[in-house]
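To start, the structure under review is shown below, and the notes come after it.
Quick note: the coordinates plus some simple rules give every number you see, no bench work behind them. Computed from a predicted structure; not experimentally measured. Note that each Cβ is placed from the backbone with ideal geometry, even for glycine, and that neighbours are counted across all protein chains shown.
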Amino acid sequence: MRAPGAVERQTGPMASFELSSLFEFLAGSPSPYHAVATAAARLDAAGFSAIDETEAWTELPETGYTTRGGALIAWRRPDGLPPHAPLRIIGAHTDSPNLRIKPHPDTGNAGWRQLAVEVYGGALSNSWLDRDLGLSGRLVLADGSVRLVRADRPLARVAQLAIHLDRDVNERGLVLDKQVHLTPIWGLGQVRAGQFGNWLAGLAGVADAEIAAWNLMFHDLTPPSRLGVVGELVASALLDNLCSCWCAIEALTNATAGDAIHVVALFDHEEVGSDSTTGAGGPMLEHVLTRLAGAAGATADDWARSMATSVCLSADMAHAVHPNYPERHEPEHRPLPNAGPVLKVNSNQRYATDAVTATVFTQACERANVPWQVFVSRNNMPCGSTIGPVTATRLGIPTVDVGCAQLSMHSARELCGAQDPAFMARAMVAFLR
């Protein structure tokens, strides 16, 4: 394992993975649907072809991708590979905990107009207080077409109760009822059914009656930025897990063809368990891989051989040691920002890493001249999980769980090292090779 002091000496290919590119990706992806559109645009620019799931997959391009809602699967399958060629898969997820608009959102109290929301995933509720919130997501119109929408202006705010009316809040701690206390304010006046739908139609440039349904959510409007005395940190919304998505797309578009099929799978709904048509627990990835194999003329035996020699890298953000709560971390397993990718280990299979896949990843880091570190949770503080165990179970492919170290995970605004995204992208390139 390389020491953190090695970070300052890194040179070379890292320069191709610029923070400005990450910031553009984060700013362009306030919802999973926008994240897919942003990733697809980058793949288009790199020469990848969009492939429709509903079409016959017979003659496929060497580099392509397909999308479904908040999920995207892309590949590079060089011509000339045998039908039993191994796969190198990088998986990540496009969704983050947030506040999502309910189907009948118009509500309010005491002269205030508010919007009813549902808390999505394990959000840190207090982090959504007193923030200027924009709105983004997708509309489905009556003709079945889908339209992405976003409002990047201060539209709503969840206002905290003044300390004068909650005198002991700093002593007893803030307690929030998700149903009552997280309802955003978006104006003053009388509440009438249909107000939000009418405003939304104007935003989308359609008639109110054309909107059949929506998947909409609030997002923090503060742009990504560098933080610290010398800018050594990154502060942004959605780092968990759009940072990993950016790394994966960057790696795929920068890796050269080899003797393996390169695949990037960006799933939706990881924050709520991955069980959906676009989540890692669904069959989307398996369907895409079998169709790729079929287009290459693979037999059932070829497919089995391919799976037996394949490896998956599950990329999700990792916990950095918190300077104010060091006792919450396992001794000797305390990741730091800018000390390289974090190898995530859990014997109870909350992470899919084992000794074999850990070695695959650490050797990739060595080849890329990238430092790496290890995270293990305390026995009395169970960790969360990722798409890693889900994908490994679904496909039977050995999997390693990794991530960039961060603080404030699941907050409306998170913090990571400014060098770690490039470190991770470089390690992913080496993994694909």
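Taken about its Cα centre, the chain carries a charge dipole of roughly 500 debye when the Cβ of each Lys and Arg holds +1 and the Cβ of each Asp and Glu holds -1.
In a shell of Cβ-Cβ distance under 15 Å around Gly108, excluding Gly108 itself, what net charge do Lys and Arg (+1) and Asp and Glu (-1) give?
Counting the neighbours of Gly108, the net charge comes to +3.
The convex hull around the C-alpha trace of segment 210-357, projected and averaged over every direction, spans 14.5 square nanometres.
Using the Cα centre of the chain as origin and beta-carbon charges of +1 (Lys, Arg) and -1 (Asp, Glu), tell me which of Ser244, Asn348, Val321 is placed farthest towards the positive end of the dipole. With unit charges placed on the Cβ atoms, the residue in question is Val321.
Packing around the peptides 304-311, 338-345, 275-282, taken as the average count of other Cβ atoms within 10 Å per residue, puts them in this order, highest first: 338-345, 275-282, 304-311. Among Val376, Val117, the order by Cβ neighbours within 10 angstrom, fewest to most, reads Val376, Val117. Looking at segment 170-199, the trypsin sites (Lys or Arg not before Pro) that sit in a DSSP loop and have at most 16 other Cβ atoms within 10 Å of their own Cβ are Lys178, Arg192. Remark: the Asn254-Arg226 segment gains 7.6 nm on full extension, using 0.36 nm per residue and subtracting the alpha carbon distance. Per-residue extension of 0.36 nm, minus the Cα-Cα distance of Thr54 and Asp208, leaves a gain of 52.5 nm for this segment.
Amide H contacts of Ile90 (H built 1.01 Å from N, in plane; Pro and chain starts excluded): Val263, Val264, Ala265, Leu313 sit under 5 Å, all sequence-distant by 5 or more or on other chains. Residue by residue, segment 178-192 carries 3J(HN,Hα) couplings of 4, 6, 9, 9, 10, 7, x, 8, 9, x, 10, x, 6, 8, 10 Hz when phi is fed to the Karplus relation 6.51 cos²θ - 1.76 cosθ + 1.60 (θ = phi - 60°); x denotes Gly or Pro. Computed with the Debye formula from one identical point scatterer per Cα of the chain, without solvent, the log10 of I(q)/I(0) at q = 0.07, 0.10 Å⁻¹ comes to -0.35, -0.72. Amide H contacts under 5 Å for Gln419: Asn338, restricted to partners 5 or more places along the chain or on a different chain, H placed in the peptide plane at 1.01 Å from N.
With K and R counted +1 and D and E -1, the other residues having a Cβ less than 15 Å from that of Thr393 yield a net charge of -3. Restricting the calculation to alpha carbons of segment 98-215 gives Rg and Dmax of 15.9, 55 angstrom.
Charged side chains reduced to their Cβ positions (Lys and Arg at +1, Asp and Glu at -1) give segment 98-215 a dipole of some 100 debye around its Cα centre. Per-residue packing, averaged as other Cβ atoms within 10 Å, sorts the ranges 401-407, 322-328, 35-41, 136-142 into the order 401-407, 35-41, 136-142, 322-328, beginning with the highest.
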